[in-house]
1. How high is the relative contact order of the stretch 17-465? Use alpha-carbon pairs under 8 Å, at least six apart in sequence, and give a whole percent.
2. Consider all pairwise Cα distances in the stretch 17-465 and report the whole-number % of them above 30 Å.
3. Long-range amide H contacts for Val334: which residues qualify at under 5 Å (H placed 1.01 Å from N, peptide plane, sequence gap of 5 or more or a different chain)?
4. So what are the three principal axis dimensions of the stretch 392-433 from its Cα atoms, in whole Å, longest to shortest?
5. Using 5 Å bins from zero, what percent of all Cα-Cα pairs in the stretch 96-135 falls into each bin?
Amino acid sequence: MSAAEDRAAADAGRLKAGSLGPIGVAFFVLAAAAPMAAFVGAGPVIFSLIGPGVPLVYLLVAAVVAIFAVGYLRMSRHVNSAAGFVAYIERGLGARSAGATAGIVILTYIALQVGFWAQFGVFANQLAATYLGVDIPVWAWALVFIAATTVLAMRGVDMSLRVLGVILSLEVLIVLVLVGGILVGGVESPSFESFSPTVFAQPGMGVAILFVATCFTTFEATTVFAEEARNPRRTIPLALYFVIGFIALFYGIATWAVSMAVGPDAVQQAAADDLSGIMFALAAEHVGPWLDLAMQVMVVTSFIAMLLGMSNMFARYAFALARARILPTALSAVTRRQAPARAALANGVIVAALIAVFFALGADPMVHVYAWSVALGTVGFILIMAVASISVLVFFARRMRTHRDGLLATIVAPAIALVLVVVMLIFSIANYDALLLGGGETAKWLLLGLPIAAALGAIAARRSRRIDFDTHPIHVQDSSESITKQ
């Protein structure tokens, strides 16, 4: 786009169309999935729950998401909005249901960000204390880097994409080096015990599914970036299925290698004995001490990439909800670079404030802030997927009389997805205690935040006389700043 076209689009309050291809969209989503951080942090926990069957669980959850994506992507032909799931639900179930879902979305993504920033602070503090002898408080690490990622998000996708591309590429490369070291020098013959159906009999299977599901919670970002994608009807499906396939194969192969390196019969106990160090120990043993250090550094940068991707995603979500008149319309402003700067700034301020409150109250960064927030966010995301599945079914059921959309993609796959997602939701509620890391009964009360947020969102939708997810609303010029608003 020319400078004149960029200015005209900014004056119209639109995001920068055509700025992202399939790889660009996929980078944001994969970075938000934090490959290194999840491999080192969540991997050992899942091994301690179900033993060598971790790769099979990744493939299982990927299959559920892929089935969900069939109807979701078919509906994407009729929706082109940065409001993600909320826009889909508005088309299928109406404005009030969309408003209720918007409330859950806001709570879900803010909770996830708060939890992951606290975990980032812990890893950063440990790394600096171990190798530099510097003890910087966890809250300070979190607040400084919240500010940094917020500034990048306010500048637009171009700058963020450069940072994400470098970090994500290094994350993947380092894990592949570890996998290569294990397969070349640590495994005499491959073992397929990791793919045995006996994994489903493990008592920790339900909890393992939830931890694996957190690796897929950002796949929605593929449609959140739809307005900025080149040829969305082609870009979004390619990006989404690439993300699903990459996550399944990356984590599946990496955890399979770990299982064989330790031994299928020994990996569960080994992981339980050393949750925080087993991956680093394998790196030092099979490749060298340098990979151990590199992995520890990349875990920290992985969190930065994840939260940069998540802040970019949620800024667009808030922008679209404001443009649809569910959130204050001031958040629908864009800069001359067509970045949702005000929404990004509001997100950063809210997350930083919550982090500050938690630490001011003396909360433990892992047991309270991380576990409570991520548990709430995981349940919230699965609930949103369930409502979105219902919306897809309703939307295409209404069209059946006048359109031929393909029964398999529009009815059968969404119905199967709905059943599977509801089963995951039941698992998440039934095993909620396991997600809390011993956080106590108090944390369960946070689940009440979901219906409260839904009620507030529905009220906002009801009170707003004009709810519109049109991607080309009418805006008026702001003052001397290069920002526009409704």
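Since every read-out is calculated from the coordinates, none of them should be taken as a lab result. Note that the coordinates shown come from a computational prediction; the quantities given were computed from them, not determined experimentally.
1. 37
2. Value for the stretch 17-465: 41 percent of Cα pairs lie more than 30 Å apart.
3. Placed amide hydrogens put Thr484 under 5 Å from Val334.
4. 47, 15, 7
5. Reading the bins upward from 0: 6, 22, 14, 12, 12, 9, 8, 6, 5, 4, 1.
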